[in-house]
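Structure record follows, encoded as structure tokens.
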Amino acid sequence: MAGWAAVAVPAWAGTVVVRRGAPAARIYHAPLAQDAEWTGHKAFGKLTVDEMDAKSLAIAIADLNEHLLKMSGTALEVVATEDVRDVQPPAIIVGSLANRMGGAPDIPDDPSRDAFRLKAGGNLVLLGGASDFGASHAVYALLEVLGCAWVMPGPAGEVIPRRATVEIPDGDRQEAPSFAIRNLYYGGQPSPLLWQEMQMWGLRQKANIYGTRQRYGFPGGGHAWGALIRKFRKEFEADPTMMGLIRRPDGSLVRGGGQLESTHPRSIELAIEHIRDAFKSNGWSNDAAVCLGMGPNDGGSLSLSPETVNAGVPRINYDSGKLDGTDICVLFINTILERTEREFPNLHLSFMVYSWHADFPMRYKPHPRLVAGIRDLNVSRYHGMNDPTSRSRAYYRDIVRQWGRLAREQGNQLSHGDYNWNPAEAVLPYTRVKITGEDFPIYRDAGFRIKSTNLARAWYLTAAHDYVALKMMWNADLDWRGLLREFCVKAYGADAAPLMEGYYLEVARRQSESSHEAGSFYAMPLLYDPAFVAEQERRFAAAAAAAGTEDEKRRVDDARYPVLTLKHYLEMHAAYTTFDFEGAQAAFARATNVLETITSRSIHYENKSGKGYFSGFGRYLDAARRHAGGAYAIEYKIPNKLKTAIDVHNLGAHHRFWGSRMDDSRYLETETFLSTWDAQGLSGFQQGSAWYRIRFTLPEQPARPGGYGLFVGGAENRVAVWCNDTFIARSGAGLRTPTVFDLTDAVVPGGENLVVIQTTRHNISELFVGGLTMPSFVFSGPRVEQAKDTEPLVRILPGGVEEPIRPGAIAD
């Protein structure tokens with residue numbers, strides 16, 4: 001197993017393939033059934049595994065020659081032959097031809113046939129593989145030995161040292177991957193060029209080309225229930241009890257919500273009919289080993305029908321506070337596999353373990369042919385499983401280990417996929433270098449054999465942790481700190497590397513040592529401050545001065561843009577939290593300009609999702625400024641800290657939580673727009689309502705004529721308002737989606753007023769945010785249209801029957 005990193009090789013010992021800019025060797029390989037053309041993901045998806053292997057090796061051989069050309073100014077002659085006698089030293093021999101000449105890897109634990117061997121000596125460089133795909137890994141291992149690296153997709157990410165003479169040192173090294181399948185992909189529909197450059201980058205990092213036929217195991221996941229509902233629409237329409245029973249925001253229960261009733265006998269029968277159709281249409285024999293997705297739709301929630309609830313377990317999702325449905329998914333799949341055991345003995349069914357089915361089953365043991373795809377969307381985005389500061393990751397680690405024990409016991413296939421899914425991740429400073437470095441070995445040791453990562457088109461921010469992730473997909477034993485250092489040297493140059501490494505480590509430290517788990521932008525002002533920005537600006541200036549080449553200086557400059565965005569974001573946050581909406585708009589414009597500048601530099605920086613999410617601040621600020629100036633004026637700025645009543649079961653409307661005569665002098669005070677639910681120790685309060693009681697006095701005369709209104713800047717995620725014991729209206733809401741209520745007929749000018757705001761969390765919008773999220777105020781000016789969602793309050797009686805509550809009964 002000796003390799004170049006382990007054995008000191010004299011400088012003169014090696015195979016010269018280019019001498020003083022002239023070819024000194026040839027490249028030999030056996031004839032391949034595929035050429036090196038990138039014909040697109042659809043064409044690639046139609047190739048067999050062996051054909052895709054040949055395609056990958058053909059691409060790699062052409063890429064090897066392209067790198068030699070860029071490195072030395074010359075390419076080598078390529079000879080295709082089956083006859084080892086045609087090989088004339090010095091030579092680079094690739095693939096099956098190298099295997100026959102003693103370059104075949106000898107690693108027994110290689111289920112995906114990915115192993116490669118790089119063996120050089122006696123003027124022969126053998127690049128062998130357990131398959132043609134494995135041999136392509138040997139090609140890129142050789143280029144890495146020669147000093148090449150790829151720090152992002154496309155030509156801008158290529159690091160190719162220039163030298164007139166190219167000498168390959170003697171040595172012998174063979175490797176097999178930690179994860180049998182290593183997928184990477186962009187979300188949405190990337191352009192052909194985006195797809196090609198991203199998948200080329202993955203191939204260079206020894207990853208699979210996503211969307212091609214899987215060479216090992218089965219894909220884990222699959223949102224199938226919606227497809228079943230569409231396919232058998234007439235049956236579902238004829239019998240609504242086949243649809244899930246879903247609670248609406250007003251408390252009523254209805255059939256629908258996009259999820260089927262998985263305990264309904266006919267739903268199971270239709271799923272089996274769907275499986276039979278799939279076997280028939282694909283021409284599979286009944287004993288074919290195939291896997292079909294059989295999981296719920298994306299989003300939604302568990303059916304609350306008595307049949308489903310009684311078949312499940314009384315466990316609550318740790319992120320949303322709703323009933324967990326993992327056992328229901330397992331029961332559904334187990335039932336189908338058991339009923340089709342004789343008909344389809346090698347059928348596997350999969351579902352995605354996340355959302356409202358993100359746990360390990362308590363009641364039902366998964367069938368051995370159940371395939372689980374774990375996705376950690378429900379937990380902290382700032383922490384890894386080993387961080388003692390994270391509550392959600394500690395629980396998630398137990399889930400991973402329980403699935404791992406099951407896999408070791410009965411062979412269930414497990415996969416894990418991580419996402420660039422934090423909306424602030426592609427805009428403000430963020431890194432997963434430590435998360436990746438510490439979590440990947442846990443997945444490997446737990447028996448996960450398939451690993452995938454969703455890449456954001458924001459490489460100016462994510463390149464370091466994407467580089468570490470791909471390296472550790474291949475070898476989970478690598479030291480992430482060493483990989484980060486390697487990345488920084490390759491991307492920014494040896495002199496700038498320590499400064500850039502320090503930046504990433506500081507971001508990782510702040511994330512890891514903080515206990516903040518609230519999602520997206522809401523924890524950012526608690527993690528970072530202007531002093532951090534100033535320190536990092538000095539660091540980037542020093543790194544730019546230290547970087548040697550123009551490429552290195554450009555990459556340093558690109559990497560500083562999240563800090564520039566953070567600078568203006570913090571300015572914006574400081575302005576709007578002091579009700580300076582004009583100043584906040586100016587800072588928002590500066591931040592937007594920064595984003596537009598950096599995202600225009602590369603197709604891999606376009607970052608549509610990040611820019612789209614950040615633009616939500618603009619909508620908030622436009623509405624806030626409109627109701628705070630011009631024809632309108634602020635009469636009362638609602639403070640950050642408010643008297644708060646917790647209403648776990650949403651009974652406050654009936655228990656007079658809105659009443660003006662209630663003594664709230666000793667009520668709990670919570671923060672709203674300057675903190676998060678999580679930061680105040682309230683992350684365990686995941687369902688129900690928070691009631692905010694706001695007492696204020698209005699002047700005798702309004703600052704602007706017309707009427708009075710209440711501007712609620714943002715809430716998670718439904719709002720109802722009372723003013724002086726009068727119910728005003730209720731409305732859907734969003735974390736940064738303002739809602740305006742007309743208070744004109746309820747307020748007392750010149751007197752004390754009480755506004756009570758009920759925020760109800762019916763669905764999880766972001767992890768552990770909660771309550772009022774943006775600044776709110778009372779204003780005067782032209783009367784506003786009342787919020788539309790003004791349906792009367794109802795009681796939900798046994799069986800889901802709605803009983804309207806007379807409007808007068810509340811205030812009486």
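The values are calculated or read from the model by the stated rules, or taken from the named source; none is laboratory data. Quantities reported herein were computed from a predicted structural model and do not represent experimental measurements. Note that each Cβ is placed from the backbone with ideal geometry, even for glycine, and that neighbours are counted across all protein chains shown. Each accessible area value is taken on the protein alone, full model and side chains, heavy atoms only, with ligands, DNA and RNA left out. Shrake-Rupley method; radii C 1.70, N 1.55, O 1.52, S 1.80 Å.
Taking strands (runs of 3 or more DSSP E) that do not extend beyond the stretch 676-764, which have at least 2 residues that are farther than 22 Å from residue 774 by Cβ and at pLDDT 95 or above?
Values: elements: 688-697, 707-712, 714-716, 718-723, 726-732, 739-742, 752-761.
So the answer is 726-732.
So residue 482 clears everything in (1) open to solvent by 10 Å² or more (accessible area, probe 1.4 Å); (2) in contact (Cβ under 8 Å) with a residue 12 or more places away in the chain except one condition, right? Which one?
Result: residue 482 passes all but (2).
Just to be sure before I move on: is residue 445 surrounded by fewer than 24 Cβ atoms within 10 Å (Cβ to Cβ), more than 20 Å from the chain's Cα centre (by Cα) and not basic (Lys, Arg) in the structure I sent?
Numbers: surrounded by fewer than 24 Cβ atoms within 10 Å (Cβ to Cβ): yes; more than 20 Å from the chain's Cα centre (by Cα): yes; not basic (Lys, Arg): yes.
In short, yes.
Quick check: is even one residue across the stretch 212-220 open to solvent by 50 Å² or more (accessible area, probe 1.4 Å) and in contact with a Cys (Cβ under 8 Å, 6 or more places away or on another chain)?
Narrowing the stretch 212-220 to residues open to solvent by 50 Å² or more (accessible area, probe 1.4 Å): 213-214, 216, 219.
Cutting the leftovers down to in contact with a Cys (Cβ under 8 Å, 6 or more places away or on another chain) gives us 219.
Scanning the stretch 212-220 turns up at least one residue that is open to solvent by 50 Å² or more (accessible area, probe 1.4 Å) and in contact with a Cys (Cβ under 8 Å, 6 or more places away or on another chain).
Looking at the stretch 310-340, which of its residues are β-branched (Val, Ile, Thr), at pLDDT 95 or above and in contact with a strand residue (DSSP E or B) (Cβ under 8 Å, 6 or more places away or on another chain)?
Hits for the stretch 310-340 are 326, 328, 330, 333, 336, 340.
Does residue 739 satisfy being surrounded by 19 or more Cβ atoms within 10 Å (Cβ to Cβ) and either in contact (Cβ under 8 Å) with a residue 60 or more places away in the chain or touching a strand residue (DSSP E or B) at 6+ places or on another chain (Cβ under 8 Å) (or both)?
Values: surrounded by 19 or more Cβ atoms within 10 Å (Cβ to Cβ): yes; either in contact (Cβ under 8 Å) with a residue 60 or more places away in the chain or touching a strand residue (DSSP E or B) at 6+ places or on another chain (Cβ under 8 Å) (or both): yes.
Yes: the conditions hold for residue 739.
Counting only residues that are surrounded by 18 or more Cβ atoms within 10 Å (Cβ to Cβ) and in a loop (DSSP other than H, G, I, E, B), how many does the stretch 617-652 have?
The total comes to 3.
Tally the residues that are surrounded by 23 or more Cβ atoms within 10 Å (Cβ to Cβ) and either acidic (Asp, Glu) or not in a strand (DSSP E or B) (or both), restricting the search to the stretch 356-377.
Residues in the stretch 356-377 being surrounded by 23 or more Cβ atoms within 10 Å (Cβ to Cβ) and either acidic (Asp, Glu) or not in a strand (DSSP E or B) (or both): 7 in total.
If I filter the stretch 33-61 down to residues being open to solvent by 50 Å² or more (accessible area, probe 1.4 Å) and closer than 24 Å to residue 115 by Cβ, which single residue comes out as nearest to the chain's Cα centre (by Cα)?
Across the stretch 33-61, the extreme among qualifying residues is 48.
Conditions first: (1) surrounded by fewer than 23 Cβ atoms within 10 Å (Cβ to Cβ); (2) under 27 Å from residue 602 (Cβ atoms). Residue 514 passes all but one, so which condition is the exception?
(2)
Assess whether residue 727 counts as being open to solvent by 10 Å² or more (accessible area, probe 1.4 Å) and either out of contact with any His (no Cβ under 7 Å at 6 or more places or on another chain) or touching a residue at least 12 places away in the same chain (Cβ under 8 Å) (or both). Outline the logic, then answer.
Numbers: open to solvent by 10 Å² or more (accessible area, probe 1.4 Å): yes; either out of contact with any His (no Cβ under 7 Å at 6 or more places or on another chain) or touching a residue at least 12 places away in the same chain (Cβ under 8 Å) (or both): yes.
Criteria met by residue 727.
Of all residues in the stretch 665-678 being closer than 13 Å to residue 641 by Cβ and open to solvent by less than 50 Å² (accessible area, probe 1.4 Å), which is nearest to the chain's Cα centre (by Cα)? Break it down stepwise before answering.
Filtering the stretch 665-678 for residues closer than 13 Å to residue 641 by Cβ gives 667-675.
Checking the rest, the ones that are also open to solvent by less than 50 Å² (accessible area, probe 1.4 Å) come to 670, 672-673, 675.
Working: 670: 30, 672: 27, 673: 25, 675: 24 Å.
Of everything passing the filter in the stretch 665-678, 675 is nearest to the chain's Cα centre (by Cα).
Tell me, which strands (runs of 3 or more DSSP E) lie completely within the stretch 224-297 with 1 or more residues that are in contact with a Phe, Trp or Tyr (Cβ under 7 Å, 6 or more places away or on another chain) and more than 30 Å from residue 648 (Cα to Cα)?
Working: elements: 243-247, 253-260, 290-293.
Filter on the stretch 224-297 gives 290-293.
Which residue, of 592, 597, 578, is hydroxyl-bearing (Ser, Thr, Tyr), assigned to a helix (DSSP H, G or I) and surrounded by fewer than 17 Cβ atoms within 10 Å (Cβ to Cβ)? Working first, answer last.
On the way: 592 fails: surrounded by fewer than 17 Cβ atoms within 10 Å (Cβ to Cβ); 578 fails: assigned to a helix (DSSP H, G or I).
That would be 597, the only listed residue that is hydroxyl-bearing (Ser, Thr, Tyr), assigned to a helix (DSSP H, G or I) and surrounded by fewer than 17 Cβ atoms within 10 Å (Cβ to Cβ).
Among the numbered conditions (1) closer than 30 Å to residue 306 by Cβ; (2) in contact with a strand residue (DSSP E or B) (Cβ under 9 Å, 6 or more places away or on another chain), tell me where residue 235 comes up short.
Result: residue 235 fails condition (2) only.
Give me the pairs, please: first residue somewhere in the stretch 495-524 and closer than 15 Å to residue 535 by Cβ and modelled with pLDDT under 95, second residue anywhere and among the small types (Gly, Ala, Ser) and crowded, with 18+ Cβ neighbours inside 10 Å, beta-carbon distance under 9 Å, and either six or more positions apart or on two chains.
Close Cβ pairs (under 9 Å, with a partner that is among the small types (Gly, Ala, Ser) and crowded, with 18+ Cβ neighbours inside 10 Å) do not exist here.
Here's a check for you: in the stretch 99-126, which residue that is assigned to a loop (DSSP other than H, G, I, E, B) and among the aliphatic types (A, V, I, L, M) is least open to solvent (accessible area, probe 1.4 Å)?
Pass one, the stretch 99-126, residues assigned to a loop (DSSP other than H, G, I, E, B): 104-115, 122-123.
Among the residues that remain, those that are also among the aliphatic types (A, V, I, L, M) are: 104, 107, 115.
Numbers: 104: 38, 107: 43, 115: 2 Å².
Filtering the stretch 99-126 for residues that are assigned to a loop (DSSP other than H, G, I, E, B) and among the aliphatic types (A, V, I, L, M), the one least open to solvent (accessible area, probe 1.4 Å) comes out as 115.
Among the residues of the stretch 531-542, are any β-branched (Val, Ile, Thr), modelled with pLDDT of 95 or more and assigned to a helix (DSSP H, G or I)?
Narrowing the stretch 531-542 to residues β-branched (Val, Ile, Thr): 533.
Subsequent filtering for residues that are modelled with pLDDT of 95 or more retains 533.
Those still in the list that are assigned to a helix (DSSP H, G or I) too: 533.
Within the stretch 531-542, one or more residues are β-branched (Val, Ile, Thr), modelled with pLDDT of 95 or more and assigned to a helix (DSSP H, G or I).
Which of the strands (runs of 3 or more DSSP E) contained wholly in the stretch 158-210 include at least 3 residues that are within 25 Å of residue 104 (Cβ to Cβ) and not basic (Lys, Arg)? If you could, list the steps in order and put the result at the bottom.
Values: elements: 166-169, 171-175, 181-186.
Per the criteria, 166-169, 171-175.
Taking the stretch 253-266 as the search range and keeping residues that are without any contact (Cβ under 8 Å) to a residue 60 or more places away in the chain and small (Gly, Ala, Ser), which one is surrounded by the fewest Cβ atoms within 10 Å (Cβ to Cβ)?
256
Taking the stretch 127-157 only, how many residues are assigned to a loop (DSSP other than H, G, I, E, B) and either basic (Lys, Arg) or buried (at least 22 other Cβ atoms within 10 Å of the Cβ) (or both)?
Of the residues in the stretch 127-157, the ones assigned to a loop (DSSP other than H, G, I, E, B) are 130-131, 146-148, 151-154.
Now restrict to residues that are either basic (Lys, Arg) or buried (at least 22 other Cβ atoms within 10 Å of the Cβ) (or both): 130-131, 151-153.
Of the residues in the stretch 127-157, 5 are assigned to a loop (DSSP other than H, G, I, E, B) and either basic (Lys, Arg) or buried (at least 22 other Cβ atoms within 10 Å of the Cβ) (or both).
Can you spot a residue in the stretch 509-516 that is more than 24 Å from the chain's Cα centre (by Cα) and not in a helix (DSSP H, G or I)? Outline the logic, then answer.
So the first thing to find is which residues in the stretch 509-516 are more than 24 Å from the chain's Cα centre (by Cα), and the list is none.
No: the stretch 509-516 contains no residue that is more than 24 Å from the chain's Cα centre (by Cα) and not in a helix (DSSP H, G or I).
Within the stretch 196-208, is even one residue more than 30 Å from residue 556 (Cβ to Cβ) and touching a residue at least 24 places away in the same chain (Cβ under 8 Å)?
Within the stretch 196-208, the first condition is being more than 30 Å from residue 556 (Cβ to Cβ), and the residues that meet it are 208.
Narrowing the set further to residues that are touching a residue at least 24 places away in the same chain (Cβ under 8 Å) leaves 208.
Yes, the stretch 196-208 contains at least one residue that is more than 30 Å from residue 556 (Cβ to Cβ) and touching a residue at least 24 places away in the same chain (Cβ under 8 Å).
Using beta carbons and a limit of 7 Å, which pairs, at least six apart or on different chains, have the first residue in the stretch 48-59 and farther than 10 Å from residue 95 by Cβ and free of Cβ contacts under 8 Å to residues at least 40 places away in the same chain and the second one open to solvent by 40 Å² or more (accessible area, probe 1.4 Å) and outside any helix (DSSP H, G or I)?
51/33; 51/34; 55/34
Just one of (1) closer than 19 Å to residue 514 by Cβ; (2) without any contact (Cβ under 8 Å) to a residue 24 or more places away in the chain; (3) open to solvent by 10 Å² or more (accessible area, probe 1.4 Å) trips up residue 341, so point out which.
(1)
Checking residue 655 against (1) open to solvent by 50 Å² or more (accessible area, probe 1.4 Å); (2) farther than 21 Å from residue 734 by Cα; (3) not in a loop (DSSP other than H, G, I, E, B); (4) not hydrophobic (A, V, I, L, M, F, W, C), only one condition comes out false. Which one?
Among (1) open to solvent by 50 Å² or more (accessible area, probe 1.4 Å); (2) farther than 21 Å from residue 734 by Cα; (3) not in a loop (DSSP other than H, G, I, E, B); (4) not hydrophobic (A, V, I, L, M, F, W, C), the lone unmet condition for residue 655 is (3).
Looking at (1) in contact (Cβ under 8 Å) with a residue 40 or more places away in the chain; (2) in contact with a Lys or Arg (Cβ under 6 Å, 6 or more places away or on another chain), which one does residue 569 not meet, given that it meets all the others?
If we test residue 569 against (1) in contact (Cβ under 8 Å) with a residue 40 or more places away in the chain; (2) in contact with a Lys or Arg (Cβ under 6 Å, 6 or more places away or on another chain), just (2) comes out false.
Could you go through the stretch 146-156 and let me know if any residue there is closer than 25 Å to residue 445 by Cα and in contact with an Asp or Glu (Cβ under 9 Å, 6 or more places away or on another chain). Lay out the reasoning, then the answer.
Taking the stretch 146-156 and keeping what is closer than 25 Å to residue 445 by Cα, we get none.
Within the stretch 146-156 (the criterion being closer than 25 Å to residue 445 by Cα and in contact with an Asp or Glu (Cβ under 9 Å, 6 or more places away or on another chain)), the answer is no, since none of the residues qualifies.
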